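What follows is a set of notes on a single structure, which appears directly below.
The values are calculated or read from the model by the stated rules, or taken from the named source; none is laboratory data. Not measured: the values here are computed from a predicted model. Cβ coordinates were reconstructed from backbone atoms using ideal geometry, including for glycine residues, and neighbour counts include every protein chain displayed. SASA here: full protein model, heavy atoms, side chains in, ligands and nucleic acids out. Shrake-Rupley method; radii C 1.70, N 1.55, O 1.52, S 1.80 Å.
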Amino acid sequence: MTEPSPYYGYPPNGLEEDEINLLDLWRVIWKRRRFIGALVVAAVFLTAAASLFMTNVYQAKAVIVPVTAKDGGGGGTLSALASQFGGLPGIALPGSASATEIVSLLKSNVLREKIVERYRLMPVLFYEQWDSGKKDWKREEGINLNPLGWLSNMAAAVQPTDAKAVSRQGEEGIPLLWDALRLLDDMVKINHNIKEQTITLTVDYEDPELAAKMAGYFLETLTDHMTAEAKRVALTNRAYLEAQLAKTADPLIRQKIYNLIAQQLETAMMTEVKENFAFKVIDPPRVPDKKIKPKRALMVMLSFVVALFLGVFSAFFLEYLEKIRNGAPGEEREIMKGEGQQ
């Protein structure tokens, strides 16, 4: 006599009860369709409304390439003369700037500080805190209960105008130069393409015309900075060569020193021209006609997809909670009904 199977009365495959029925999933989704639809519509509407309040940002771009020694003309001759001479201790030969040097200058705080001060960009960058009518920074009105604030105001009242401007930089509500430098870090991006030897400068700003102007400010200030530095080095080298000339009696060496001095004079004159001295502008900055952000259509599409997934997940979660809440009493009623039939 064979013993009855312990699984007698159960489905032939016990795992079938755990299999996911797609029809049941669809029934849950259809049951909660209004909740899912309301969540999706609300998310899309809120995203679209929020994107309308976002400020449009435009991007101005400029592309430059460094001028090589061959293109610069004088740098190669100077290097050749210096190599023939055997090198002069203490002399730095001005030549063409490398792409790495140009990129480092564009990212440096020294150059950006010059730009902010030269073009007076503090009221432009922090226009919300600038009172154009009074030509002064806005301040929070009210009674200052801080005694240190009283002392600083009394000290500022007796200071000269220039000293007042410096002392007021630390006041609350007045932006500092460091604030402008941090803001420029977010606005200005430098990209160096090593393969093509190009440097791309991009400026993102709310005003398209000002974005193009600011890119031009960077190029103009970079040119002035590099030409001024090259001229300074050329004059220093010339003074050093003239001192060496007075100490040398060898006519051959003196002739080579004369050639080097002439090259320094040529470099100093080239700095006066400035155009294409250290780099060439391949693509000058233009006023952009299209915004780069916010991408409102993409934001709405992403919110629709995310809200749909969240809605479906929430529907299954609510269905699960409902089964837990109503499942236990129902099971007890089924068990009692089965016992009564027996």
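Before moving on, here are some points about what is shown:
- Taking each residue of region 112-125 that is assigned to a helix (DSSP H, G or I) and looking for partners that are of a type outside the set (A, V, I, L, M) with beta-carbon atoms closer than 6 Å, six or more apart or interchain, yields K114/T221; I115/Y217; I115/T221; P123/W130.
- Number of residues in region 260-282 that are assigned to a helix (DSSP H, G or I), out of contact with any Asp or Glu (no Cβ under 8 Å at 6 or more places or on another chain) and open to solvent by less than 60 Å² (accessible area, probe 1.4 Å): the value is 8.
- Subset of region 227-280 (residues that are modelled with pLDDT under 85, closer than 30 Å to S104 by Cβ and acidic (D, E)): E266, E272, E275
- For region 34-59, taking the residues that are surrounded by 12 or more Cβ atoms within 10 Å (Cβ to Cβ) and not hydrophobic (A, V, I, L, M, F, W, C), the one that is modelled with the lowest pLDDT is identified as S51.
- For the condition out of contact with any Ser or Thr (no Cβ under 6 Å at 6 or more places or on another chain), farther than 30 Å from Q197 by Cα and assigned to a loop (DSSP other than H, G, I, E, B), A249 qualifies.
- Selection of region 283-307 for residues being open to solvent by less than 70 Å² (accessible area, probe 1.4 Å) and not in a helix (DSSP H, G or I) yields D283, P284, P285, P288, I292, P294.
- Some residue of region 87-107 being outside any loop (DSSP other than H, G, I, E, B), at pLDDT below 55 and open to solvent by 40 Å² or more (accessible area, probe 1.4 Å): no
- Within region 146-204, being at pLDDT below 90 and aromatic (F, W, Y) holds for one residue alone: W150.
- Where Q244 falls short, out of the listed (1) at positive phi; (2) touching a helix residue (DSSP H, G or I) at 6+ places or on another chain (Cβ under 7 Å): (1)
- For region 190-197, the criterion of being closer than 22 Å to V116 by Cα, buried (at least 19 other Cβ atoms within 10 Å of the Cβ) and touching a strand residue (DSSP E or B) at 6+ places or on another chain (Cβ under 9 Å) is met by no residue.
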